[in-house]
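Participant: Before I ask anything, let me first share the structure, which is written out below as structure tokens.
What follows is calculated from the coordinates using simple rules that are stated; it is not laboratory data. Note that the structure is predicted; figures quoted are calculated from it, not measured. Cβ atoms come from the backbone with ideal geometry, glycine included; neighbour counts cover every protein chain shown.
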Ligand SMILES: Cc1ncc(COP(=O)(O)O)c(C=O)c1O
């Protein structure tokens, strides 16, 4: 059996139609398959590789840390310098109240931790989340996921969850003094890039403050520069009580975090002690990689060009088959007539060496979320291929 067959035989599958490309190398904006074919990456491993694949500083940090030590003890017991350095670097770039970082293995685990933290700190149990939101695939994260089709097969889920409408003022009335937390993506990603109206997100912030609910902002996908600023909440002009990060946080290694004030975070330390525990969360090699990636992101100064690059995509993606384009920075959803059309466009692009995808709750939309280092020439090339694909698909 070849590798592809072994993959289908022995690696558990998530769908009956995996892309199943066999990638043997990745660097910067590109991946190469076993036959040497090159792919321009327009999705960055689903918003992970913000500074490109295998950034040399990240690779070096991983090698150096692996030679010093790897796993020592479960999270939270030892002073591990990669964790300390990364937590310090992150909090330096955050508002003063977001000064305590709890590192996890993934975005979903960070969401679980944030939900538990809000319950402990407020002493309340209800949680509000939004329709069309995605926060991960574990039971708690699935309970707040904003689409009944995806939730239903796994009921019973967590009790006390309310689903509100994003960008809807009336919905905010469901946030009451029983609400422990409201969880929102700063930009709804899997919903097909839905950006909150500024006034609405301020109203949400105010409602949380008035009822004593904690506002949890999920920037797992939109954070770390993708939206055009380091944090998307900066653009909205609000500060969450708890910030959730993941994906690009580890520089390509698995790492998540929930970040709050030290006062709020302290609730996890007592009655009972060990409120959230993890063996591998904040793994020293992953924190070293994350720190190197974070420093590279800031030093390369790529975030300042994100808006202009997004704009160039807008300008070049002119085609009668495109129904709308929703975006913030380098998070873009290109709306087609249907999933069938979108899938044909995606397949055509992959055939031509441009890797793109669709969205969980917006399958009719083409996903564009490349590494932030993408150049103007690469954007022009990608847009040419997408328009060519649209010509081919609509001519059928
Ligand atoms: C907005 C958002 N939150 C949370 C998650 C969950 O992260 P992970 O897949 O690392 O568990 C995702 C993953 O796609 C996400 O997009």
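Participant: Among the residues that make up region 172-181, is at least one of them free of Cβ contacts under 8 Å to residues at least 40 places away in the same chain and surrounded by 14 or more Cβ atoms within 10 Å (Cβ to Cβ)?
Facilitator: Yes, because at least one residue in region 172-181 is free of Cβ contacts under 8 Å to residues at least 40 places away in the same chain and surrounded by 14 or more Cβ atoms within 10 Å (Cβ to Cβ).
Participant: Further question on the same structure: Consider residue 280 against the criteria (1) within 16 Å of the ligand (Cβ to nearest atom); (2) more than 30 Å from residue 202 (Cβ to Cβ); (3) touching a helix residue (DSSP H, G or I) at 6+ places or on another chain (Cβ under 8 Å): it satisfies all of them except one. Which criterion is unmet?
Facilitator: (3)
Participant: Something else: For residue 277, all conditions in the list (1) assigned to a strand (DSSP E or B); (2) over 26 Å from residue 42 (Cα atoms) hold save one; what is the number of the exception?
Facilitator: The single condition residue 277 does not satisfy is (1).
Participant: Would it be correct to say that residue 64 is more than 16 Å from the ligand (Cβ to nearest atom), out of contact with any strand residue (DSSP E or B) (no Cβ under 6 Å at 6 or more places or on another chain) and not in a loop (DSSP other than H, G, I, E, B)? Give the derivation first.
Facilitator: On the way: more than 16 Å from the ligand (Cβ to nearest atom): yes; out of contact with any strand residue (DSSP E or B) (no Cβ under 6 Å at 6 or more places or on another chain): yes; not in a loop (DSSP other than H, G, I, E, B): yes.
So residue 64 fits the description; yes.
Participant: Now for a different question. Please determine, by comparing only the residues of region 116-156 that are within 12 Å of the ligand (Cβ to nearest atom) and in a helix (DSSP H, G or I), which one is farthest from residue 210 (Cα to Cα).
Facilitator: Our first condition is that a residue be within 12 Å of the ligand (Cβ to nearest atom); within region 116-156, this holds for 129-130, 132-138, 140-142, 144-146.
Checking the rest, the ones that are also in a helix (DSSP H, G or I) come to 140-142, 144.
On the way: 140: 26, 141: 25, 142: 27, 144: 22 Å.
Restricting to residues being within 12 Å of the ligand (Cβ to nearest atom) and in a helix (DSSP H, G or I), the top hit is 142.
Participant: In addition: In this structure, does residue 79 turn out to be out of contact with any helix residue (DSSP H, G or I) (no Cβ under 8 Å at 6 or more places or on another chain), part of a loop (DSSP other than H, G, I, E, B), surrounded by fewer than 19 Cβ atoms within 10 Å (Cβ to Cβ) and on the phi < 0 side of the Ramachandran plot? Break it down into steps so the answer makes sense when it comes.
Facilitator: On the way: out of contact with any helix residue (DSSP H, G or I) (no Cβ under 8 Å at 6 or more places or on another chain): yes; part of a loop (DSSP other than H, G, I, E, B): yes; surrounded by fewer than 19 Cβ atoms within 10 Å (Cβ to Cβ): yes; on the phi < 0 side of the Ramachandran plot: yes.
Yes.
Participant: A further question on this structure: Within region 202-219, track down each residue that is more than 12 Å from the ligand (Cβ to nearest atom) and either under 16 Å from the mean Cα position of the chain (by Cα) or surrounded by fewer than 23 Cβ atoms within 10 Å (Cβ to Cβ) (or both).
Facilitator: Filtering region 202-219 down to residues more than 12 Å from the ligand (Cβ to nearest atom) leaves 202-215.
Residues satisfying the conditions are 202, 203, 205, 206, 207, 209, 210, 211, 212.
Participant: Still on this structure, I have one more. Give the residues of region 38-61 that are within 16 Å of the ligand (Cβ to nearest atom) and part of a helix (DSSP H, G or I), sorted by residue number. Full working, then the answer.
Facilitator: Within region 38-61, the first condition is being within 16 Å of the ligand (Cβ to nearest atom), and the residues that meet it are 43-50.
Answer for region 38-61, where residues must be within 16 Å of the ligand (Cβ to nearest atom) and part of a helix (DSSP H, G or I): 44, 45, 46, 47.
Participant: How many residues does region 47-67 contain that are surrounded by fewer than 14 Cβ atoms within 10 Å (Cβ to Cβ), more than 15 Å from residue 294 (Cβ to Cβ) and in contact (Cβ under 8 Å) with a residue 60 or more places away in the chain?
Facilitator: 2
Participant: Exactly one condition in (1) away from the ligand (no atom under 16 Å from the Cβ); (2) surrounded by 13 or more Cβ atoms within 10 Å (Cβ to Cβ) is false for residue 35; which is it?
Facilitator: In the conditions (1) away from the ligand (no atom under 16 Å from the Cβ); (2) surrounded by 13 or more Cβ atoms within 10 Å (Cβ to Cβ), residue 35 misses (2) alone.
Participant: Does region 346-368 contain any residue that is at negative phi, under 22 Å from the mean Cα position of the chain (by Cα) and part of a helix (DSSP H, G or I)?
Facilitator: Pass one, region 346-368, residues at negative phi: 346-352, 354-368.
Keeping just the survivors that are under 22 Å from the mean Cα position of the chain (by Cα) gives 346, 354-368.
Of the ones still in play, those that are also part of a helix (DSSP H, G or I) are 346.
Yes, region 346-368 contains a residue that is at negative phi, under 22 Å from the mean Cα position of the chain (by Cα) and part of a helix (DSSP H, G or I).
Participant: Here is a follow-up. If I go through region 284-338 residue by residue, how many of them are in a loop (DSSP other than H, G, I, E, B), buried (at least 16 other Cβ atoms within 10 Å of the Cβ) and either touching a strand residue (DSSP E or B) at 6+ places or on another chain (Cβ under 8 Å) or without any contact (Cβ under 8 Å) to a residue 12 or more places away in the chain (or both)?
Facilitator: Residues flagged as in a loop (DSSP other than H, G, I, E, B), buried (at least 16 other Cβ atoms within 10 Å of the Cβ) and either touching a strand residue (DSSP E or B) at 6+ places or on another chain (Cβ under 8 Å) or without any contact (Cβ under 8 Å) to a residue 12 or more places away in the chain (or both) within region 284-338 amount to 4.
Participant: Can you name the residue in region 91-110 that is farther than 15 Å from residue 281 by Cβ and assigned to a helix (DSSP H, G or I) and is also farthest from the ligand (Cβ to nearest atom) among such residues? Show your work before the answer.
Facilitator: Filtering region 91-110 for residues farther than 15 Å from residue 281 by Cβ gives 91-99.
Next, from what is left, pick out any that are assigned to a helix (DSSP H, G or I): 91-92.
Details: 91: 21, 92: 24 Å.
Result: 92.
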